[in-house]
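Below you'll find the structure, written out as structure tokens, and then a few comments.
Every number in this text was worked out from the coordinates using simple rules, so none of it is lab data. Here the structure is a predicted model, which means the values were calculated and not measured. Note that each Cβ is placed from the backbone with ideal geometry, even for glycine, and that neighbours are counted across all protein chains shown.
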Amino acid sequence: MHLLTIILLLLLLRPAEPFRRRGPRSGAAERGTGGRVRGRGRAGLMRRQTQECNEYVEAGEKYLDCQDRQLTTVMQDWPKDIHHLLLARNKIQVLRDNMFSQFTRLKSLDLQQNDISMVEVGAFTGLTQLTTLLLQHNGLKTASEEVLLPLPRLTYLRVYDNPWSCHCSLESLVTMLQLPSHRNLGNYAKCAEPQSLRGQKLKKLNVELLCAGDNQVIGRPEGPDRGQPRPPTIKLKPEATSMCHTYMFPKPLLNCSSKDLNNIPSDLPSDIVKMDLSRNNIKHLRPKHFLLSKDLKLLNLSSNSLQSIDTAAFAGLLYLRELDLSNNSLHYFQYGVLEDLYFLRKLSLENNPWICDYNIHYLIYWLKHHPGVLYTGLTCSAPQEFRGWRVEDYVKTYNGECPKDRHTEEVDTGQGGQRGTDNEAQEVMGETAEGPGDHLPQHLKEKTPNKFEIIRLS
Ligand SMILES: *[C@@H]1O[C@H](CO)[C@@H](O)[C@H](O)[C@H]1NC(C)=O
Ligand SMILES: *[C@@H]1O[C@H](CO)[C@@H](O)[C@H](O)[C@H]1NC(C)=O
Ligand SMILES: *[C@@H]1O[C@H](CO)[C@@H](O)[C@H](O)[C@H]1NC(C)=O
């Protein structure tokens, strides 16, 4: 009886086999996987399979095998519900922030034998289920513990055969690897430099030696490095106090302008009132960078390469009065981004490629509800038909004949600060819900405002 069932199943499944797409170099990549795919879901899975990679199910878990494919990054169209992502032997050089965050179910990530020399701090954001991370045989010289913080379940970490540069910047990672509970994290990894530590295992290293040798490199903001070789790689997360100038008079100012920063520095002093981060190369603002900068009144992010701002990026900036985002690459604001800015007065937005489609509506709603905010530079750059229009005018035409704008004019300054954001959010939601076009997608309307974070703060 059982045998019969099995034979029947095999017969049924066989016709599906030819549909199994294979990547260009699938011969090597499929070693050991061929023929193991069995199960009902397969035909469906195969259909949404990407061209390059091979997706299969084994023991109820989904694998995406993209090994040996000359890849330099992950692709947006890969299935998001996979448990295991195999990327060994590709050409990845940098692990970017949020690179894997769409794969929320991921349990293992195999990145061995690439050319990875840099891991951005948010590279593993969102991988809360990840237990196994393989980074051996790459070009990593340094990394901080912070990189691993988004991985609460990590139990296996392989980082051997990387040219670890055992200097102060590695301290937090080494300390973390040496915790007794981290038995399977970082085994066999060794220092490649400096000469004095060469060959020593990270697991066994005397952490104090790491920072002993290179105080000058780390501690001094001013002056050249006196020939001290900075770790030539990765400024993983540059530290504000070493990279930037701080002034206490006339007002506490942190000036990180023109420092070639790719990220917001890590140890922002908490008592700073003005922060100049202009003229750097920051692309994304991740949540809660400024959480401790509670006194900040002016934040200058102009002339960076900002493309996206996470929803809670401005969390904690309760007293921010002026925000300069001019000369960046912003297309729109994500829903909720501005909710933390109770006291904002001035918002500079010029020189960004604002796209006039429904994504821009949140910004306009927020501005309507905060008439005390003086803003500049909100001009559509795309699509062609609205190019050069004021964004408000575009939104008006979008809303068309329905004169519901009057509703917002009753709202007071909106800058009272003590008015809860929840009220405002409800107004926004009420407005969008009653709108003729229902132009905000469903998930935006149902979104709970950020108020909890704010309350916890204060
Ligand atoms: C920060 O320093 C730059 C020079 O590096 C200077 O041009 C700029 O005005 C300074 N910013 C502030 C707010 O003082
Ligand atoms: C921000 O910095 C840019 C360039 O460094 C400067 O031109 C601009 O005036 C600053 N914005 C504010 C609000 O201080
Ligand atoms: C805008 O930013 C670019 C670099 O991102 C810089 O070269 C240019 O001078 C900036 N323009 C203004 C007006 O500040």
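Counting beta carbons within 10 Å around each of Tyr358, Tyr247 and listing the fewest first gives the order Tyr247, Tyr358.
Distance between the pseudo-spin-label points of Lys203 and Asp115 (7 Å out from Cα toward the beta carbon): 3.1 nm. When a/c reaches 1.5 or more, the comparison of a/b and b/c decides; with that in mind, is the range 270-371 rounded, prolate or oblate per its Cα gyration tensor? Verdict is oblate for the range 270-371.
Considering the range 83-183 at the alpha-carbon level, its Rg and Dmax are found to be 12.5, 35 Å.
Ordered by packing density, taken as the mean number of other Cβ atoms within 10 Å over each peptide's residues, highest first, how do 162-168, 341-347, 202-208 rank?
Numbers: 162-168: 21.9, 341-347: 19.4, 202-208: 15.4.
Ranking, from highest mean packing down: 162-168, 341-347, 202-208.
In the range 318-399, taking the dipole from charged Cβ atoms about the Cα centre, the farthest positive-side position among Leu330, Thr379, Trp354 is held by Thr379. With the cut-off at 1.5 for a/c, could you classify the range 42-214 from its C-alpha gyration tensor as rounded, prolate or oblate? Prolate, since a/c reaches 1.5 and a/b exceeds b/c. Note on Arg390 and Asp357: the model spin-label points, each 7 Å out from Cα along the C-beta direction, lie 2.5 nm apart.
Taking Cα centre as origin and charging only the Cβ of basic (Lys, Arg, +1) and acidic (Asp, Glu, -1) residues, the dipole magnitude of the range 42-214 rounds to 420 debye. Distance between the C-alpha centres of the range 128-146 and the range 364-399: 43 Å, rounded to the whole angstrom.
On a full-extension model of 0.36 nm per residue, what is the gain between Gln178 and Thr104, subtracting their alpha-carbon distance, rounded to one decimal in nm?
23.9 nm
Sorting Trp366, Trp389 on the 10 Å Cβ count, fewest up front, what's the list? Mind dumping the intermediate values first?
Values: Trp366 24, Trp389 18.
Ordered from fewest to most neighbouring Cβ atoms within 10 Å, Trp366, Trp389 come out as Trp389, Trp366.
Shown for Arg96, Arg183: other C-beta atoms within 10 Å of each C-beta, ranked fewest to most, produce the order Arg183, Arg96.
Assuming 0.36 nm per residue, please report the length gained on full extension of the stretch Met75 to Gln334 beyond their Cα-Cα distance.
On the way: separation 259, 0.36 × 259 = 93.24 nm, distance 2.20 nm.
Contour length minus Cα-Cα distance gives 91.0 nm.
Cβ-Cβ distance of Asp267 and Glu61, R₀ of 45 Å, FRET efficiency by 1/(1 + (r/R0)^6): the value works out to about 0.65.
Spacing of the modelled spin labels on Asn281 and Cys211, each 7 Å from Cα toward Cβ, amounts to 2.8 nm.
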